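So the structure is just underneath, and the comments pick up after that.
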Amino acid sequence: MPIPAKQNDKIKVSGVLLVDKPYGLTSQQVVSKVKYLFKSPNHDSKKAGHTGTLDPMATGLLPICLGEATKFSHYQLDADKSYQATILLGGQTDTGDAQGQVIATASVPTFDAAALEELTQQFLGAQQQIPPMYSALKKDGKKLYEYARAGIDVVREPRDIIIRSIRLTALDHEQIQLTVTCSKGTYVRVLGEDIAKALGTLGHLTALRRLQVGSFKVDNAITLSALENLPLVERFTQLMPIDACIEIPAQMTLTAEQCQRIHMGQRLNVSAQLTDELHVYISQQILQSTSSQVVAAATAAHETTVSNTALASDVPVDIRLLDEQGQFLGLGAVSLNGRLQPKKLIQR
């Protein structure tokens with residue numbers, strides 16, 4: 001539901017909406033449509049954005065953050081994503097998908113399930129991928145697809161990606177279904193081209209559907225047409241909470257005085273509120289994120305001993321902050337020494 005905050009005498013619409021994006025629209029066009037559908041004489045829905053672009057050809061899950069939820073959208077931008085795609089073998093297009101022009105052809109070799117299974121092992125794990133020219137990445141302030149449309153090929157640096165899981169299924173003698181879970185920054189179009197090359201041919205995507213973003217699933221998404229058919233009051237029931245994008249389990253409840261102080265940007269001493277559960281969580285997060293940095297720093301300085309305990313006590317870890325009524329306030333960064341620093345707070 002929209003939070004009861006007034007802005008220009010209107011209620012600011014805040015929350016997360018899971019949209020099943022249709023074919024042919026850009027992600028930004030979907031965002032604009034959603035903003036329009038939540039707009040009314042009493043509601044302000046101007047602030048909104050998505051959590052990861054889908055090509056016009058692609059369909060599927062597009063989480064959209066509105067209002068105060070936009071402050072936490074980056075948690076889903078960084079999340080792993082799952083896709084299902086169809087690779088048509090025998091032809092390469094300039095865009096890597098069916099919306100481009102065929103620029104090269106090749107014969108399609110015979111393959112079976114065993115060959116595809118062997119191929120999946122080749123693409124699993126950490127690797128590097130060169131982004132396609134037809135992408136929104138920028139070079140010298142200009143998007144790569146703008147260079148591509150002008151016939152200019154730009155040198156692109158390879159980017160680190162991780163393929164968490166991958167499955168290849170033969171649909172017929174020239175089409176393969178690709179199901180993949182991958183890290184942020186992975187271009188499934190490029191992955192499809194690389195799979196085709198590994199089979200000894202060329203290929204491009206003819207369909208792409210996003211199934212999952214982090215813990216969000218397309219099964220829980222609503223289509224634009226279904227959303228439009230709902231009365232305005234029922235559209236608000238489709239909104240998830242402001243903090244839906246945040247996959248942080250640890251939380252702390254603040255007193256009314258602490259809430260007032262933290263909204264003024266003040267640090268708090270919350271040593272007395274650090275439960276055993278919070279101690280364990282903070283310690284685990286520190287071990288995951290800083291142990292390698294501590295070792296590297298010690299090695300570089302040729303130190304023989306490092307006090308991990310002393311260093312760890314100052315390391316801040318993000319947690320959820322709640323008021324005494326259980327309402328979400330935002331995120332704070334707390335350390336084992338009991339210092340709590342406000343990080344991203346919502347406005348009500």
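Numbers for the structure displayed
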read-out	value
Hits in the range 247-275 (condition: touching a strand residue (DSSP E or B) at 6+ places or on another chain (Cβ under 7 Å) and of a type in the set (Val, Ile, Thr))	Ile248, Thr253, Ile262, Val270
Looking only at the range 146-159, and only at residues there that are part of a helix (DSSP H, G or I) and open to solvent by 60 Å² or more (accessible area, probe 1.4 Å), the one that is nearest to Thr53 (Cα to Cα)	Glu146
Selection from the range 160-192 of residues that are of a type in the set (A, V, I, L, M, F, W, C) and exposed (fewer than 15 other Cβ atoms within 10 Å of the Cβ)	Ala170, Leu171
Counted residues, the range 218-272 - those being closer than 24 Å to Gly49 by Cα, β-branched (Val, Ile, Thr) and either assigned to a helix (DSSP H, G or I) or touching a Cys at 6+ places or on another chain (Cβ under 7 Å) (or both)	3
Count of residues meeting criterion [assigned to a loop (DSSP other than H, G, I, E, B) and within 20 Å of Ala79 (Cα to Cα)] in the range 21-65	6
Options Val19, Val13, Val31: the member that is buried (at least 21 other Cβ atoms within 10 Å of the Cβ) and in contact with a His (Cβ under 7 Å, 6 or more places away or on another chain)	Val13
From Gln122, Gln128, residue being surrounded by fewer than 17 Cβ atoms within 10 Å (Cβ to Cβ) and in a strand (DSSP E or B)	Gln128
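The values are calculated or read from the model by the stated rules, or taken from the named source; none is laboratory data. On a predicted model such as this, the values are computed, not experimentally measured, just so you know. We place every Cβ from the backbone using ideal geometry, glycine too, and count neighbours over all the protein chains shown. The area values use the complete protein model at the heavy-atom level, side chains included, leaving out ligands, DNA and RNA. Shrake-Rupley method; radii C 1.70, N 1.55, O 1.52, S 1.80 Å.
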